[in-house]
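First comes the structure, then the notes that go with it.
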Amino acid sequence: MVDEADFIARLRAIATHPAARGLDDDAAVLTVGSETLVMTHDTLVEGVHVLPEQDPADIAWKLVAVNLSDLAAKGAEPLGILLSHMLGAGDDRFVEGLHEVLDRYDVPLLGGDTVASPGPRVWGLTAIGRATHAPVPSRAGARVGDAIFVSGTLGAALAGFEAVRDGSDGDSAAYRRPVPLLADGQALAPLVTAMMDISDGLLLDARRMAEASGRTFAIDTRSVPIALPEDRREEALRWGDDYQLLFTAPESAELPVPAHRIGTVRSAGGHPLLLDGEPPEPGDTLGYEHRAPR
């Protein structure tokens with residue numbers, strides 16, 4: 001069986017339409033007449049992306065929010081969603097949470113599908129947006145000498161996950177109900193050279209952006225703001241689920257939103273990622289990657 005990266009590599013031979021962006025981006029970008037549409041799809045699996053017995057209202061919120069976060073990374077304005085829902089316990093709560101998040105971000109439900117099946121539950125969602133700036137930011141485009149920025153602290157989702165898992169009274173909001181940074185993404189779109197949201201861990205996503213751009217990202221790990229104790233910094237940089245924006249911009253750019261500089265873009269050479277001046281150790285787990293069961 002192939003892993004996630006290998007499978008996507010095989011799909012690239014099929015996804016030849018320019019809107020697919022070579023499957024190297026967070027979303028498809030399709031020009032229709034005078035409009036540019038941005039479309040993305042994400043899936044949540046019980047026991048993988050959400051905990052068993054988690055409040056279905058929180059699952060609905062997260063399902064919508066992670067898709068809107070992909071639109072945020074393209075500077076897009078949401079137009080609507082299509083939902084795929086597996087029927088089961090707590091459906092009333094799921095509908096309540098769905099209504100809440102769609103109302104919060106003023107996004108209409110346009111349609112979708114429902115299924116019923118034994119086993120772990122699976123939810124899918126397609127979000128459709130309208131580009132607010134051209135060209136639409138991508139993972140590619142980082143230039144030598146650009147500064148690397150992150151929009152906020154990392155590790156809050158890991159702390160929230162542990163609070164939900166352990167049933168503690170810790171702050172779990174970042175894990176249960178992530179906030180898509182739509183306004184920040186739209187404000188940054190005219191200035192950035194590359195941008196994506198951090199879903200699978202800062203280090204893994206930074207490597208992906210560096211590879212897409214054909215550059216090396218040199219990151220000062222101590223400059224990354226974290227929401228965990230210092231002795232858990234490595235976990236905060238790898239765990240993911242925070243949905244902050246990772247972007248590059250010229251050093252001289254006046255950013256319209258708060259952000260933290262964490263590194264510099266260099267010309268490609270040796271390894272796409274340098275951490276405090278050194279490449280990661282071979283086999284280092286930089287973040288979360290799906291692997292098929294064997």
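The values are calculated or read from the model by the stated rules, or taken from the named source; none is laboratory data. The structure presented is a predicted model; accordingly, all values stated were derived computationally and were not measured. Every residue, glycine among them, receives a Cβ derived from its backbone with ideal geometry; neighbour counts consider all protein chains shown.
Ala19 fulfils the conditions (1) loosely packed, with under 14 Cβ neighbours inside 10 Å; (2) over 18 Å from the mean Cα position of the chain (by Cα); (3) of a type in the set (A, V, I, L, M) except for a single criterion, (1).
Comparison of Asp106, Asp70, Asp92, Asp113 shows that the only residue that is acidic (Asp, Glu), assigned to a helix (DSSP H, G or I), at pLDDT 95 or above and over 22 Å from Leu23 (Cα atoms) is Asp92.
Against the test of being buried (at least 21 other Cβ atoms within 10 Å of the Cβ) and at pLDDT 95 or above, the options His85, His99 yield a single qualifying residue, His85. Every condition in (1) aliphatic (A, V, I, L, M); (2) loosely packed, with under 12 Cβ neighbours inside 10 Å; (3) in the same structural domain as Tyr243 (by TED's automatic domain parsing) is met by Ala116 except one, and the failing one is (3).
Those strands (runs of 3 or more DSSP E) of the range 209-294 in which at least 3 residues are within 24 Å of Ala76 (Cβ to Cβ), considering only elements entirely within it, cover 245-249.
For (1) over 16 Å from the mean Cα position of the chain (by Cα); (2) of a type in the set (Phe, Trp, Tyr); (3) surrounded by 14 or more Cβ atoms within 10 Å (Cβ to Cβ), each residue gets a yes or a no:
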| residue | (1), (2), (3) |
| --- | --- |
| Ala206 | no, no, yes |
| Ser213 | yes, no, yes |
| Pro229 | yes, no, no |
| Leu255 | yes, no, yes |
| Pro258 | yes, no, no |
| Ile262 | yes, no, yes |
| Val265 | yes, no, yes |
| Gly277 | yes, no, no |
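The residue pairs whose first member lies in the range 120-138 and is at pLDDT 95 or above, whose second member is part of a loop (DSSP other than H, G, I, E, B) and of a type in the set (Ser, Thr, Tyr), and whose beta carbons are closer than 9 Å, counting only pairs six or more residues apart or on different chains, are Pro137/Thr193.
What helices (runs of 4 or more DSSP H) lie completely within the range 152-203 and have 2 or more residues being without any contact (Cβ under 8 Å) to a residue 12 or more places away in the chain? Spell out the reasoning first.
Details: elements: 156-166, 173-176, 182-188.
It comes to 156-166.
Looking only at residues of the range 133-146 that are surrounded by fewer than 22 Cβ atoms within 10 Å (Cβ to Cβ) and over 19 Å from the mean Cα position of the chain (by Cα), we find that the one that is nearest to Asp184 (Cα to Cα) is His133.
Among residues of the range 25-45 that are more than 22 Å from Glu4 (Cα to Cα), those with a Cβ under 9 angstrom from a residue that is of a type in the set (S, T, N, Q) and surrounded by fewer than 20 Cβ atoms within 10 Å (Cβ to Cβ), sequence gap 6+ or separate chain, pair up as Leu37/Thr31. Taking the range 27-73 as the range and being within 21 Å of Gly201 (Cβ to Cβ), touching a Gly at 6+ places or on another chain (Cβ under 7 Å) and not aliphatic (A, V, I, L, M) as the test, the residues that pass are His41, Thr43.
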